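First comes the structure, then the notes that go with it.
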Amino acid sequence: MENNPRKIQTGIFQTYLNETGSDKKESILFLHGSGPGASAWSNWQYILPEFGDKFHCIAPDLIGFGKSEHPQNPPLGMRKWMRIWTDQIISLLDSLEIQKIHLVGNSAGGAVALQLMMDFPDRFDRIVLMGAAGAPTKITAELDRTWGYYDDPSPELMANIISWFSYNSSGITEELKQIARMRFEAAMNPDVRRSFEAMFPAPRQKHLDDVIIPGGTLRNMNHPFLLIHGLEDLLVNVDTSYYLINHLPKAQMHIFNHCSHWTQIEYKEAFHMLLLQFFLKKI
């Protein structure tokens with residue numbers, strides 16, 4: 001299914017949207033993670049064409065990422081950006097006249113998904129969190145270096161960062177090289193750099209702490225959740241998913257052994273199968 005990207009006005013900012021399967025009845029919203037040069041397409045380029053045969057798939061670049069708009073005077077820190085992102089997503093759904101949608105959030109996109117669930121639970125149906133932030137955790141050296149990319153930006157550091165997203169790159173070497181090239185080019189855009197540096201100033205542990213969803217709030221989320229995590233995730237420790245499943249009342253969890261942060265790349269076929277079964281209510 002061919003991707004049909006376009007720009008949509010969402011509140012005061014324009015959103016760049018990837019879209020497949022626009023004629024399908026059920027819709028899925030995909031939210032990307034937060035690495036330098038990140039975009040919806042770099043995160044979801046494999047699943048969007050495939051799932052467009054069965055679902056209406058939308059994958060926006062979050063404000064401050066990719067080809068979406070970048071604030072001229074960006075706020076500092078994840079908590080203030082979180083309000084921009086949640087407002088963006090609800091405005092996007094309203095613009096597309098989507099009242100209810102499934103939700104997939106990866107990494108920082110998982111934290112956005114949980115914030116959306118806290119603020120606007122009636123707009124979402126079934127939720128997948130993949131290597132998600134939003135739970136108490138200590139920042140890893142890899143994530144600290146990733147969020148501090150502009151301290152010493154280079155193609156070599158970008159290649160290293162992308163290598164941390166996988167446990168074993170032997171079968172996906174070319175895919176990772178292509179993603180690293182794409183993301184380095186995007187990261188060198190001055191607008192992208194301005195936004196990213198405003199999101200993650202040091203000390204960076206604070207940004208993880210600022211997006212924690214309290215356990216009492218999680219216990220009130222009665223939607224079906226599927227948690228997916230790599231056992232050897234170098235960016236967001238697998239303990240975050242254990243925290244979430246201990247609080248969410250209707251959650252199931254799938255842990256991939258010998259897998260780091262990008263299950264959608266390392267275990268692409270299994271990842272697609274899990275999501276398909278979950279959204280078709282077969283698991």
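Structure summary
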read-out	value
Selection status of residue 211, under 16 Å from the mean Cα position of the chain (by Cα) and open to solvent by less than 30 Å² (accessible area, probe 1.4 Å)	yes
Subset of region 153-171 [under 22 Å from residue 267 (Cβ atoms) and buried (at least 16 other Cβ atoms within 10 Å of the Cβ)]	159, 161, 162, 163, 164, 165, 166, 167, 169
Complete set of residues in region 214-237 that are surrounded by fewer than 20 Cβ atoms within 10 Å (Cβ to Cβ) and of a type in the set (Val, Ile, Thr)	217
Residues located in region 112-139, provided they are within 26 Å of residue 185 (Cβ to Cβ) and either open to solvent by 30 Å² or more (accessible area, probe 1.4 Å) or of a type in the set (A, V, I, L, M) (or both)	112, 130, 133
When residues of region 263-283 are limited to those that are touching a Leu at 6+ places or on another chain (Cβ under 9 Å) and modelled with pLDDT under 95, the one least open to solvent (accessible area, probe 1.4 Å)	265
Which numbered condition residue 203 misses (of (1) touching a Gly at 6+ places or on another chain (Cβ under 8 Å); (2) part of a loop (DSSP other than H, G, I, E, B); (3) under 27 Å from residue 187 (Cα atoms))	(1)
Residue pairs meeting the criteria (Cβ under 7 Å; at least 6 apart or on separate chains; first assigned to a helix (DSSP H, G or I) and at pLDDT 95 or above, in region 85-105; second surrounded by fewer than 17 Cβ atoms within 10 Å (Cβ to Cβ) and among the acidic types (Asp, Glu))	86/119
Any hit, region 143-152, residues being open to solvent by 10 Å² or more (accessible area, probe 1.4 Å), touching a His at 6+ places or on another chain (Cβ under 8 Å), more than 18 Å from residue 10 (Cα to Cα) and not hydroxyl-bearing (Ser, Thr, Tyr)	yes
Flag for residue 29 being within 25 Å of residue 220 (Cα to Cα) and at pLDDT 95 or above	yes
Within region 232-283, considering residues that are under 18 Å from the mean Cα position of the chain (by Cα) and among the hydroxyl-bearing types (Ser, Thr, Tyr), the one farthest from residue 101 (Cα to Cα)	260
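The values are calculated or read from the model by the stated rules, or taken from the named source; none is laboratory data. From a predicted model like this one, the values you see are computed outputs, not experimental measurements. We place every Cβ from the backbone using ideal geometry, glycine too, and count neighbours over all the protein chains shown. In case anyone asks, the SASA skips ligands and DNA or RNA and just uses the protein heavy atoms, side chains included. Shrake-Rupley method; radii C 1.70, N 1.55, O 1.52, S 1.80 Å.
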